[in-house]
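K.L.:
Got a structure for you, written out below as structure tokens; questions coming shortly.
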């Protein structure tokens, strides 16, 4: 596994190695020793899988508030997505900044997202499955988000006029958090 730092402190892009031969490939998606070497979370009490049927569908931007902010390990296992991470850590020099990465079943990339960040993605093709390893169990009353179309964030989503859930369409703007 190769761990790359990003513009947002604490957010890592992880590129697993995938030795291949005529049968296919072998991919290690988590190794406690490697994560410990980088002082990263190694406890994942919950794993989720989302399926999104339609190209252009947008999910997010979601996070879990204190006292149980979630660290996430995110990987697109089927299809291709643009994954967007927004820094919501008050006092951070990159507060309100965002970065994006293409994650796909071909590139095997993963994102290690610390607590204090919002996460969302847009499907770049039909039939996308995204796996999330979570450091905390889901607590409905702590579930929160910021609107994907917030003009102060000015996120450059690749597909205009996305399909968005009613909940995501009504999330607050960053200024209102």
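The values are calculated or read from the model by the stated rules, or taken from the named source; none is laboratory data. Since we're looking at a predicted model, the values are computed, not measured. Cβ atoms come from the backbone with ideal geometry, glycine included; neighbour counts cover every protein chain shown.
K.L.:
Every residue in the stretch 117-133 that is surrounded by fewer than 22 Cβ atoms within 10 Å (Cβ to Cβ) and either without any contact (Cβ under 8 Å) to a residue 40 or more places away in the chain or more than 11 Å from the chain's Cα centre (by Cα) (or both), please.
P.N.:
Those that are surrounded by fewer than 22 Cβ atoms within 10 Å (Cβ to Cβ) and either without any contact (Cβ under 8 Å) to a residue 40 or more places away in the chain or more than 11 Å from the chain's Cα centre (by Cα) (or both): 124, 125, 126, 127, 129.
K.L.:
Assigned to a loop (DSSP other than H, G, I, E, B), within 18 Å of residue 85 (Cα to Cα), modelled with pLDDT of 95 or more and touching a helix residue (DSSP H, G or I) at 6+ places or on another chain (Cβ under 9 Å): is that true of residue 157 in this structure?
P.N.:
Spelling it out, it is not the case that residue 157 is assigned to a loop (DSSP other than H, G, I, E, B), within 18 Å of residue 85 (Cα to Cα), modelled with pLDDT of 95 or more and touching a helix residue (DSSP H, G or I) at 6+ places or on another chain (Cβ under 9 Å).
K.L.:
Could you tell me whether any residue of the stretch 85-97 is within 25 Å of residue 28 (Cα to Cα) and modelled with pLDDT of 95 or more?
P.N.:
Yes, because at least one residue in the stretch 85-97 is within 25 Å of residue 28 (Cα to Cα) and modelled with pLDDT of 95 or more.
K.L.:
Is it true that residue 111 is without any contact (Cβ under 8 Å) to a residue 40 or more places away in the chain, within 28 Å of residue 35 (Cα to Cα), in contact with a strand residue (DSSP E or B) (Cβ under 9 Å, 6 or more places away or on another chain) and assigned to a strand (DSSP E or B)?
P.N.:
Considered against the rule, which asks whether it is without any contact (Cβ under 8 Å) to a residue 40 or more places away in the chain, within 28 Å of residue 35 (Cα to Cα), in contact with a strand residue (DSSP E or B) (Cβ under 9 Å, 6 or more places away or on another chain) and assigned to a strand (DSSP E or B), residue 111 comes out as no.
K.L.:
Taking the stretch 68-92 as the search range and keeping residues that are in a loop (DSSP other than H, G, I, E, B) and either free of Cβ contacts under 8 Å to residues at least 12 places away in the same chain or in contact with a strand residue (DSSP E or B) (Cβ under 6 Å, 6 or more places away or on another chain) (or both), which one is surrounded by the most Cβ atoms within 10 Å (Cβ to Cβ)?
P.N.:
70
K.L.:
All but one of (1) crowded, with 16+ Cβ neighbours inside 10 Å; (2) touching a residue at least 40 places away in the same chain (Cβ under 8 Å) hold for residue 34, so report the exception by its number.
P.N.:
Just one mismatch for residue 34, condition (2).
K.L.:
Let me ask you something else. Show the residue pairs that are 6+ apart or on different chains and have beta-carbon atoms under 7 Å apart, the first residue being within the stretch 5-26 and free of Cβ contacts under 8 Å to residues at least 12 places away in the same chain, the second being surrounded by 15 or more Cβ atoms within 10 Å (Cβ to Cβ).
P.N.:
5/12
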